[in-house]
Amino acid sequence: MIQKTTPVRQILKISEKCNQCGNCCNYGAGFLFGDDLKNIAQHLNITQKELKKKYLEEKEQFNKTLLRPKSTKKPFGPCIFLKKNICSIHSVKPLHCKIGNCNKHGEELSAWFTLNYLVDKNDPESVRQYKIYLESGGKLIQGGKLQDLIPSKNKLKQILSYKILR
Ligand code: SF4
Ligand code: SF4
């Protein structure tokens, strides 16, 4: 069972069976984390600055500004790295892309990624947005309740009632 604390190597193992059908890449792209920026720039033999300017865009998620490959048609068009329906940077694709979401564990994998990479429990606005995500049908995995993120009932109440803003 996938839970918040499941290690990334185990998640990547569960996700590894991407057969590069290109389906998910036609509707947007995954977010970059860690060494993704460096690795993709090296792979394309360009600077990180060039990579950002030419191929990446900023997108806010859970009150965090993140980078992802541009879409060639707004707002949900194909990823700029999708060529003839195949990922042209497959060996260095962003972590988010490696966490496949089309297998039977897709919903849990997506929730794991959200909890570990997108939501910031130290940012009250991020926590409030996570609450909305859960209320609108976001998958809940073990370790992902609001009370798990903010164990103090009083603090959580204050965050959710906007008494703690930042
Ligand atoms: S993650 Fe799934 S949908 Fe996306 S390219 Fe791989 S097999 Fe296709
Ligand atoms: S980087 Fe590759 S895997 Fe990720 S969305 Fe773009 S084409 Fe798909």
Starting at the first residue of the stretch 140-145, write each ³J(HN,Hα) from the Karplus equation 6.51 cos²θ - 1.76 cosθ + 1.60 with θ = phi - 60°, in whole Hz, x for Gly and Pro. 9, 10, 4, x, x, 6
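May I ask you to give the percent of accessible area on the chain that is carbon plus sulfur, with a probe radius of 1.4 Å? Write out the running numbers ahead of the final one.
Working: 5280 of 10480 Å².
For the chain, the apolar C and S fraction of the accessible surface comes to 50 percent.
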Tell me, what HN-Hα J-couplings in whole Hz come from the Karplus equation 6.51 cos²θ - 1.76 cosθ + 1.60 at θ = phi - 60° for each residue of the stretch 60-73, using x for Gly and Pro? 8, 9, 6, 6, 10, 8, 10, 9, 8, x, 5, 9, 7, 10
All lysines inside 21 Å of K53 as judged from Cα atoms, apart from same-chain residues fewer than 8 positions distant: K38, K64, K70, K73, K74, K83, K93
If amide hydrogens are placed 1.01 Å from N in the peptide plane, which non-local residues have theirs closer than 5 Å to the one on L56? K70
Alpha carbon convex hull of the chain, volume per residue in cubic angstrom: 124 Å³
For T6, T47, the accessible-area ranking with a 1.4 Å probe, largest leading, is T47, T6
Estimated FRET transfer efficiency (K84, K163; beta-carbon r; R0 45 Å; 0.05): 0.25
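Rank R9, R128, R166, R68 by accessible area, highest first, at a 1.4 Å probe radius? Present the calculation step by step, with values, prior to reporting the outcome.
Details: R9 180, R128 15, R166 235, R68 35 Å².
Result, largest first: R166, R9, R68, R128.
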Starting from the residue with the highest accessible area, list Y55, Y162, Y130, Y27 in decreasing order, probe 1.4 Å. Y27, Y162, Y55, Y130
Please compute the per residue accessible area over the stretch 19-98 with all protein chains in place, 1.4 Å probe, rounded to a whole number of Å². 62 Å²
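What does the helix-only formula give at 222 nm for the chain: each DSSP H stretch with n ≥ 4 adding -39500 (n - 2.57), the total divided by the residues, and the result rounded to the nearest 500 deg cm²/dmol? Numbers along the way, then the final one.
Numbers: 8 runs with 61 residues, N = 166.
Rounded to the nearest 500, it is -9500 deg cm²/dmol.
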Which values, in whole Å and largest first, are the semi-axes of the equivalent ellipsoid of the stretch 19-98 obtained as the square root of 5 times each eigenvalue of the Cα gyration tensor? 17, 16, 12
Residues whose placed amide H lies under 5 Å from that of Q142, excluding near-sequence neighbours: K4
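The values are calculated or read from the model by the stated rules, or taken from the named source; none is laboratory data. These numbers were taken from a predicted model, which means no experiment stands behind them. Using ideal geometry, Cβ is built from the backbone for each residue, glycine included, and neighbour counts are taken over all protein chains shown. What goes into the accessible areas is simple: the full protein's heavy atoms, side chains included, and nothing from ligands, DNA or RNA. Shrake-Rupley method; radii C 1.70, N 1.55, O 1.52, S 1.80 Å.
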